[in-house]
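I have placed the structure first, in the form of structure tokens, so that the comments after it can refer back to it.
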Amino acid sequence: MRDAMAAEWLKIRTVRSTLWALGATLAVAAGMAWFAGSSLRATYDERPAMHADADPVLAGMLGPLLAQLALVAFAVLVAGAEYGAGTLRPSLLATPRRGRFLAAKALVVALAAGLVAALAVPLSFLLAQRALGPHGIGAGDADAPRALAGGWLYLVLMALFALGVTMMLRSTARALGVLMPVLFLSSQGLGNVPGLRTVLQFLPDQAGAMILHMAGPPEDLRFERAFGPWTGVGILAAWSALALAGGYVTLRRRDA
């Protein structure tokens, strides 16, 4: 397993697009956090009455929410590039056991995503609070510790979900063509449409984003969900496990 993981790590280091995607995750998280914090501070300063509904945790988690797109692209590239370049066959010759091959790839993606998320999530939170000025909170206040831990889990699980989907679709273009519209459209509002919310709330990003303060508790009629934040993370974890299982079945049944 160690050799298989070393090989996967070497692939990531030597493919420029995957490194760019990881760097973009940090840049987008930081930029979005500062923009969100600055915009909300200006709004609260102009309209003090709105401060009663202020949610500094949400401002700090908007960065990771947008940065997930770059991290998803990273996971898609890790799997899809081998299909596109035709290097999957020699990779499987080097690691014939396909379960071990996929496990090594998933562990390395989780490790890389985890390292980047460990920087992106607290950086986003701290920058947003700094930009909020007097309206900001500390990392130990309110729901901040839960959101910080949940934000890290959310990004890692979304990367694994994207990896599994790409292994099933066997193509970078097809995977991005499926994942990006879903993440954009559902996260941008469809998940909160009353007629669609009953079903769409169980999509991986919608369920996982509960812990980022992207939806309210069940009693909040504006953005209600049928489950709590940690249950939402559990639903996302189930989606990731199902996607990886599907990727494994596809890898076993189809030729490289």
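All of the numbers you see were taken from the coordinates with simple rules; none came from a lab. These numbers come from a predicted model, not from an experiment. Cβ: placed from backbone, ideal geometry, glycine included. Neighbour counts: every protein chain shown.
Using the Cα atoms as the points, what is the convex hull volume per residue of the chain in Å³? It would help to have the intermediate numbers written out before the result.
Details: hull volume 30.4 nm³, N = 256.
Convex hull of Cα atoms, per residue: 119 Å³.
Using alpha carbons only, how many degrees (0 to 90, rounded to 10) separate the axis of helix 172-187 from the longest principal axis of the chain?
Helix 172-187 and the main axis of the chain meet at about 20 degrees.
Determine, for each peptide in 11-22, 199-210, the mean count of other beta carbons within 10 angstrom over its residues, then list the peptides with the highest first.
Working: 11-22: 15.7, 199-210: 22.8.
Going by the mean number of other Cβ atoms within 10 Å, highest first, we get 199-210, 11-22.
³J(HN,Hα) across the range 2-10 via Karplus (A = 6.51, B = -1.76, C = 1.60, θ = phi - 60°), whole Hz, x for Gly/Pro?
4, 5, 5, 5, 4, 5, 5, 5, 5
Using only Cα atoms and rounding to the nearest 10 degrees, what angle (0 to 90) does helix 16-46 make with the longest principal axis of the chain?
10
On a full-extension model of 0.36 nm per residue, what is the gain between residue 139 and residue 27, subtracting their alpha-carbon distance, rounded to one decimal in nm?
Numbers: separation 112, 0.36 × 112 = 40.32 nm, distance 2.07 nm.
Extending this stretch completely gives an extra 38.3 nm.
Among 228-234, 103-109, 39-45, 85-91, how do they line up by average Cβ neighbours within 10 Å per residue, starting with the highest?
103-109, 228-234, 39-45, 85-91
Residue by residue through the range 88-94, which ³J(HN,Hα) values in whole Hz follow from phi under the Karplus form 6.51 cos²θ - 1.76 cosθ + 1.60 (θ = phi - 60°), with glycine and proline marked x?
For the range 88-94, the Karplus-derived couplings read 5, 4, x, 5, 6, 5, 6 Hz, x marking Gly and Pro.
With the crude spin-label approximation of a point 7 Å out along Cα→Cβ, what separation in nm comes out for residue 241 versus residue 226?
A separation of 2.0 nm, rounded to one decimal place.
Which length gain, in nm to one decimal place, applies between residue 107 and residue 93 when the Cα-Cα distance is subtracted from 0.36 nm times their residue separation?
Numbers: separation 14, 0.36 × 14 = 5.04 nm, distance 1.97 nm.
Extending this stretch completely gives an extra 3.1 nm.
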